[in-house]
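The values are calculated or read from the model by the stated rules, or taken from the named source; none is laboratory data. None of these values were measured; they are calculated from a predicted model. Note: ideal-geometry Cβ built from the backbone for every residue, glycine included; neighbour counts use all protein chains shown. Note: accessible area is taken over every heavy atom of the protein model, side chains too, but ligands, DNA and RNA are not part of it. Shrake-Rupley method; radii C 1.70, N 1.55, O 1.52, S 1.80 Å.
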Amino acid sequence: MRAQAKIVAICVLSGLLLGITSSAMAQSEPVSRVGSKKFTESVILGEMVRLLIQSTDSSATHREQLGGTRVLWEAVSGGDIDIYPEYSGTIDQELFSERRLDTLGALREAVDPQGLALTRPLGFNNTYAMAMRNKHAARLGIEKISDLRAHPDLVFGLTNEFMDREDGWPGLQNAYGLPHQKVRGMDHDLAYRGLESGSVDVIDVYSTDAEIEYYDLATLEDDREFFPSYEAVLVYRTEWAQKHPDALRAVEKLEGAISSGEMSRLNERVKIDGESETAVAADFLQTAFGIQVEIDREGLLERLVKRTREHLFMVLISMLAAIVLAIPLGVASSRWDRGGQVILGAVGILQTIPSLALLVFMIPLFGIGTKPAIAALFLYSLLPIVRNTYAGLEDVPDELLESARALGLPDGAILRKVELPLAMRSILAGIKTSSVWNIGIATLGALIGAGGYGQPILTGIRLDDMGLILEGALPAAGLAIAMQGLFELVERVAVPRGLRLD
Amino acid sequence: MIRFDDVTKKFEDETAVDALTLEVAPQQTTVLIGPSGCGKSTILRLIVGLEQVDEGRISFDEQPLDTWDIGDLRKRIGYVIQGGGLFPHMTARENITLMANHVGWAGGRIDERVEALRELTHLEADQLERYPAQLSGGQKQRVALMRALMLDPECLLLDEPLGALDPMIRARLQDELRDIFDELDKTVLLVTHDMQEAAHFADTVALLRAGRLVQAATVDDLVERPADPFVTEFIRAQGGGPSLETVGEGRG
């Protein structure tokens, strides 16, 4: 009886907390929503687009560094964002891989049925290129990719994506007849360092990478024109463009405005000099078009408060929903033998889906942002609670159940007054495990635009900035510890005193 | 009060109760005794509906068991399972008053009843506020007995109520428990494996062997007029020669 009152009190309290968070989260819908991928160039372009739209006095938000082409494509075709920077080769290769769309015109025709349109090229071509140290290439007399054939001992350090893509290493090796055997897969940033230290000789780069100049690299001429062209364009929803012709006109200023050299310098200012994407984008707009924009900078505290709110919102809603569903599921599993195995199996399988994949699966159902993140976290949080509820109920000694039955207590009352209180410690342990996982996995929410502590972590990884990584990782760890502490308090209240005596 | 007509209960291949016919007389103490595995506990479990008979019929108060509402039946029978079966998350008082609260007794009535039972079982008032983990074995048995008696059932079933206690406490509790039975004047059905204990409590002793009733009689009749050599054998194995007299004098 008392334990129940306490559970109710806890639920009410968390509900209240949720109410506060959600009301704080509620914002008016922005007019235009810009997206970008999780690499620096895309974020800079996204900021330019946001600032240009804002210069027409209409409001715009920028969902930065979403996780990958698929996520952005789903978002823009599903109407979660209105516009984002993309590359012609990527649209062709990754989204319409079954047909070869060589010209922008062909691409436009292909995306039109989805209610999408493309701007004209922004001016630079960010294609793949092969790069070597300048001096090394000069010494060996290598200028073109076909010159590599004469040096079969060179060591290649290639990104994993490049190794796998048909338009990457396998195709390149074929097209040029490259005999090289020493080919290692490695992270893009590490490849630069490997090149510098001499442990690899040739790497794949994006032609606008800032590091090319920084490390004094030579990019080899693609003399057989193997690499497709990766012209930067903006993808936007035609519906949005019809509603906001001024905004479209403003962003169209970027058409043909950014040369490869320019883009590479902008990347360098962010990646190497540590300027913010916003400042670099604003600077460019001022120099190129004379557009003055005001940048509102958020202080550390302001950012922290915002991210904590976003993170807590995801964690609390998904946990609360998981608790509400998982405890009855656990009860059902223990009551109902065969069905119970099905339930336990099903929530177990959910757990085996990699978290990133589960997040992406949720996008077609819920779009991008907080909703799919909450749905994925909710599914992830079920297993420990269901399993611990089940285990806690199974561990209730038979003699106590018999004793309760022999007293004449009906089944429902036995569950409420005997079984659940006895299983409470196990159930709480499940909820505790769940919530700590939940807080950790919620950092991935940033990849699909849910914000939270994952946002600075993503940026930090991209810019190799430990400070930024810690800005997300420390509060996330702190939150997990606080949650543990909270549960120890809850345990003191919710686990019956008679069970804490031994 | 409770009648068994040709009752059989099987668990897979094993026959726990084999064609049992027995009458448990009202307001008397009947003891079920026999070697372990002879089906004594199963008989109690059949009465309160924790198990169902395979063949035959059990009647309670002249009415077949399957026509009873199981909840009503259980409220009229107090059952103390082996080991007491107290709920560890409730205080002694919460254990005792659980059912009374559930059926909606008024607070005053509950308090009165608890007080009366507490005097009957010689528990201290402050012991009622303790959790089972804080009580001794003997105290737990008293609490379990109070819980079984709370709704004032007509019939009391006890499964090895003193089984887990050490010999000193056991002897003292035997005396107390007999006084309680005498004072309550209820139909009592008690399971034990100890002949001396059976002699101590019983108006009638029912000796069982492998699910079958061997003999149901007074202790004196068992000693003097055994129906089967097994009866004498069992008594001798339990007490040895000299204690037969003690057994005979058990219920003075």
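General observations
- Convex hull per residue volume in Å³, alpha carbons only, for the protein assembly as shown: 238
- Helix A:300-335 and the longest principal axis of the C-alpha atoms of chain A enclose an angle of approximately 50°.
- Furthest towards positive pole of dipole, A:G452, A:G198, B:F234, structure part the protein assembly as shown, Cβ charges: A:G452
- Cut-off 20 Å, label 7 Å out along Cα→Cβ of A:R108, residues of segment A:200-241 by amide N: A:229-241
- Residue mean of other protein chain beta carbons inside 10 Å, A:417-427: 2
- Distance from segment B:141-167 to segment A:272-329 (C-alpha centre basis), Å: 66
- What a 1.4 Å probe finds exposed on segment A:128-220 is 45% carbon and sulfur by accessible area, rounded to a whole percent.
- Å² per residue, accessible surface of the protein assembly as shown at 1.4 Å: 45
- Summarising the label geometry, the points placed 7 Å from Cα in the beta-carbon direction at B:D54 and B:R109 lie 4.3 nm from one another.
- Restricting the calculation to Cα atoms, segment A:128-220 shows an Rg/Rh of 0.91 when the hydrodynamic-style radius is the Kirkwood one.
- Mean Cβ count within 10 Å, highest first, over the residues of peptides B:224-232, B:201-209, A:262-270, B:160-168: B:201-209, A:262-270, B:160-168, B:224-232
- Between helix A:466-494 and chain A: long-axis angle, C-alpha atoms, 0 to 90°, nearest 10: 10
- For chain A, size of Cβ-based charge dipole, Lys and Arg +1, Asp and Glu -1, in debye: 2100
- Counting, for every residue in B:89-97, the Cβ atoms of other protein chains within 10 Å of its Cβ and taking the mean gives 4.
- Fully extending the segment from B:H122 to B:T218, taken as 0.36 nm per residue of separation minus the present Cα-Cα distance, adds 31.6 nm.
- Remark: spin-label model distance A:E255-A:F39 equals 2.6 nm, labels positioned 7 Å along the Cα→Cβ axis.
- Quarter the surface of the alpha carbon convex hull of segment B:89-152 and you get the mean projected area, 3.9 square nanometres.
- In nm, spacing of pseudo-spin labels at B:D182 and A:S197 (7 Å Cα→C-beta vector): 9.4
- Peptides A:474-487, B:101-114 ranked from most to least packed, by the mean per-residue count of other Cβ atoms within 10 Å: A:474-487, B:101-114.
- Karplus-derived 3J(HN,Hα), 6.51/-1.76/1.60, for each residue of segment A:118-128, Hz, glycine and proline x: 10, 7, 6, x, 6, x, 10, 10, 9, 8, 5
- Per-residue [θ]222 nm for the protein assembly as shown (sum of -39500 (n - 2.57) over DSSP H runs n ≥ 4, rounded to 500): -16500 deg cm²/dmol
- With R₀ fixed at 56 Å, the C-beta to C-beta distance from B:F230 to A:E491 puts the FRET efficiency at about 0.50.
- Selected from B:T91, A:V490, A:F284, residue furthest toward positive end of dipole (the protein assembly as shown; charges at beta carbon): A:F284
- Farthest toward positive dipole pole in chain B [+1 Lys/Arg, -1 Asp/Glu at C-beta], among B:G211, B:V17, B:Y79: B:Y79
- For peptide B:78-88, the mean count of partner chain Cβ atoms within 10 Å of a residue's Cβ comes to 5.
- Each Lys and Arg adds +1 at its Cβ and each Asp and Glu adds -1 at its Cβ; summed about the Cα centre, segment A:93-239 shows a dipole of about 240 debye.
- FRET efficiency estimate (nearest 0.05) - Cβ-Cβ, B:H102 to A:D57, R0 45 angstrom: 0.05
- Beta bridge orientation in segment A:128-220: antiparallel %, DSSP, nearest 5: 60
- Length added when fully stretched, A:R338-A:T287, from 0.36 nm per residue minus Cα-Cα: 11.4 nm
- In degrees, nearest ten, helix A:398-407 long axis to first principal axis of chain A (Cα): 50
- Residue ranges A:297-308, A:393-404 sort as A:393-404, A:297-308 when ordered by packing (mean number of other C-beta atoms within 10 Å per residue, highest first).
- Each Lys and Arg Cβ is given +1 and each Asp and Glu Cβ -1; about its Cα centre, segment B:148-191 then shows a dipole of about 160 debye.
- Amide hydrogen neighbours beyond the local backbone of A:S36, cut-off 5 Å, H modeled: A:R63, A:Q65, A:L66
- Note that segment A:283-293 has calculated 3J(HN,Hα) couplings of 4, 4, 4, 5, 5, 6, 10, x, 8, 8, 10 Hz, one per residue in order, obtained from phi through the Karplus relation 6.51 cos²θ - 1.76 cosθ + 1.60 (θ = phi - 60°); glycine and proline are x.
- Full-stretch length increase - A:I481, A:R297 - with 0.36 nm per residue and alpha-carbon distance subtracted: 63.2 nm
- For B:V80, residues with placed amide H under 5 Å, excluding near neighbours: B:L157, B:L158, B:D159
- Antiparallel beta bridges, as assigned by DSSP with both residues in chain A, represent about 60 percent of the total such bridges.
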